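What follows is one structure encoded as structure tokens, with my remarks underneath.
A short reminder: the numbers here are calculations on the coordinates, not readings from a lab. Bear in mind that the values here come from a model prediction, so they are computed numbers and not experimental data. As a convention, Cβ positions derive from the backbone with ideal geometry for all residues, glycine included, and neighbour counts pool all protein chains shown.
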Amino acid sequence: MGFSNQDSCDLEEQSPGSNSLGRLSCTTFNILAPIYKRLHDQICESEFRELWLRRNESILDGLLNLGSSIICLQEFWVNNQELASMYEKRLGDAGYATYKLARTNNRGDGLLIAVSCNHFRVMNYQEFLFNDIGDRVAQILHVELLHHASQNQATEKKEVLIVNTHLIFPHDSSYCFVRLKQVYKILHYIDSYCHDYKLPSVPVILCGDWNGSKKGNVYKFLQSQGFISSYDIFHPYNNDGEDFSKWISHRNHRGNVCGVDFIWFRNPRKHLRPLKESFMEAVLGNINQNLLHNLSTKGIGPLDFLETDGCCITYSQLSRALGTLNLSGQCQDALSTEDMKKLWEHMDTNGDGVIDLSDLTGVWNPCGPVHLEEDNEENGVGTEELLSTHSTETTIGFTVNKAMFLPQEVENGMWPENYSLSDHAQLTVEFSVVQLGDS
């Protein structure tokens, strides 16, 4: 399967009666900032202009040949004016509006998002700073699709939110909670933005390097909030079988290969679980994994760390126990006092101030296995629950036509030794823009 420039970026007029409004494509790519790319002698590529310039020219050549409607880049070398100007000029000359954002504390790299001016009118651009231990950031672009409104409502706006981000690397198990909280901050910001700008029925696309796989709680958390992994829905693998992690997208600095790059999307829906509730369940799942990781080698069970001789635990005992795992207390990005209270309220279902130890094991991992949605369409996007109950207008959503990684070897779990553009593969997804109907 391949993408041509024409296939990947054109929004085509459809035949009368079709609910499809055309197509658009999205590419996400961590391009490995030269300040992080180590050469054989451990010197950074940033010391050799001819090397990083040639590599990034090749990256740009590939992106422009692909011609995606949306381009989201991570590890963009924001602090190098020559490189940043080259991307902005070449993308600008090709008809893209570009926005770059540096990580906090002068880390050197950051994000770049580019959208085709032939397909979108940019309505708003927001920068989100996590101000966390990883100095991570996110970009939120509010756009309107141009020229392809439905025939019955030709002047109606077709709006989309696009997010580009790069989550923290999980240096150890405690960082998984930091990643989870970063995703929560993004989703909370999206909810707040939609409320402030009265956007009850807008589709959302989330792009980036998530530094976590399909097995993690971030993946499950996003699913619980109605998001669909576009590549996984187009390539339906058996989540319980040998091909669960068939594809990879990154060979990290430790030499390990993993699948961490995603393009998520969420269509407008009638019913979504409350964000805070989903987050608390994801936190509990993370605590469970953290406990198993930290305690299994010591030959004790997940409940033994609570230091209680009774048959139940209290809020203060739980708080102290999580503090020993750096999940609560004064540590930056740990659970705040407010978070701890919300977590306790979620666990203490009858409100009596204690939790029976016999009930606790099930509480740690409340979500259970998460499966991809099974809707009426082959690509996982049905119509039964897509429309917002608050919308009085026809709205749009997405279905997935194609999804592919380059180099294509990574789709079979193999990292090609001759691949030198980055330590990440490039993910591109083609969507159909569909009219969802009146609610």
What net charge do the residues around S85 carry, taking every other residue with its C-beta under 15 Å from that of S85, with Lys and Arg at +1 and Asp and Glu at -1? 0
For segment 25-119, what does the convex hull of the Cα positions come to per residue, in cubic angstrom? 89 Å³
Is there a pair in K198/K246; K158/K215; K100/K402; K100/K215 whose C-alpha atoms are over 29 Å apart, and which pairs would that be? K198/K246; K158/K215; K100/K215
Around G22, which amide H atoms from residues at least 5 apart in sequence, or from another chain, sit under 5 Å from its own amide H, with H modelled in the peptide plane? V433
Taking amide H positions as placed 1.01 Å from N in the peptide plane, with prolines and chain starts having none, which residues 5 or more places from Q426, or on another chain, fall under 5 Å of its amide H? L406
By the scheme Lys and Arg +1, Asp and Glu -1, what is the net charge of all other residues having a beta-carbon under 12 Å from that of K342? -4
Pick out, from I70, M86, I59, the residue whose Cα sits farthest towards the positive end of the charge dipole of segment 57-118, with +1 on the Cβ of Lys and Arg and -1 on the Cβ of Asp and Glu. I70
In whole angstrom, note down how far apart the Cα centers of segment 210-226 and segment 31-81 are. 28 Å
If the chain between D61 and F169 were fully stretched, how many nm would it gain, using 0.36 nm times the residue separation less the Cα-Cα distance? 36.0 nm
For segment 211-227, just list the computed ³J(HN,Hα) in residue order, Karplus coefficients 6.51, -1.76 and 1.60, θ = phi - 60°, integers in Hz, with x standing in for Gly and Pro. 6, x, 9, 5, 7, x, 6, 5, 4, 5, 4, 5, 4, 5, 9, x, 7
Stretched out fully, how many nm does the piece from N106 to N418 gain, at 0.36 nm a residue minus the Cα gap? 109.1 nm
Starting with the highest mean, order 273-283, 28-38 by the number of other Cβ atoms within 10 Å, averaged over the residues of each peptide. 28-38, 273-283
Residue-wise, which Karplus ³J(HN,Hα) couplings in Hz belong to segment 23-40, taking 6.51 cos²θ - 1.76 cosθ + 1.60, θ = phi - 60°, and x for glycine or proline? 10, 9, 10, 9, 10, 10, 7, 7, 8, 6, 4, x, 6, 10, 7, 8, 8, 4
Highest average packing first - 83-94, 131-142, 194-205, Cβ atoms within 10 Å: 131-142, 194-205, 83-94
For L436, enumerate residues with amide H under 5 Å from its amide H, sequence gap 5+ or separate chain, H modeled in the peptide plane. T395, I396, G397
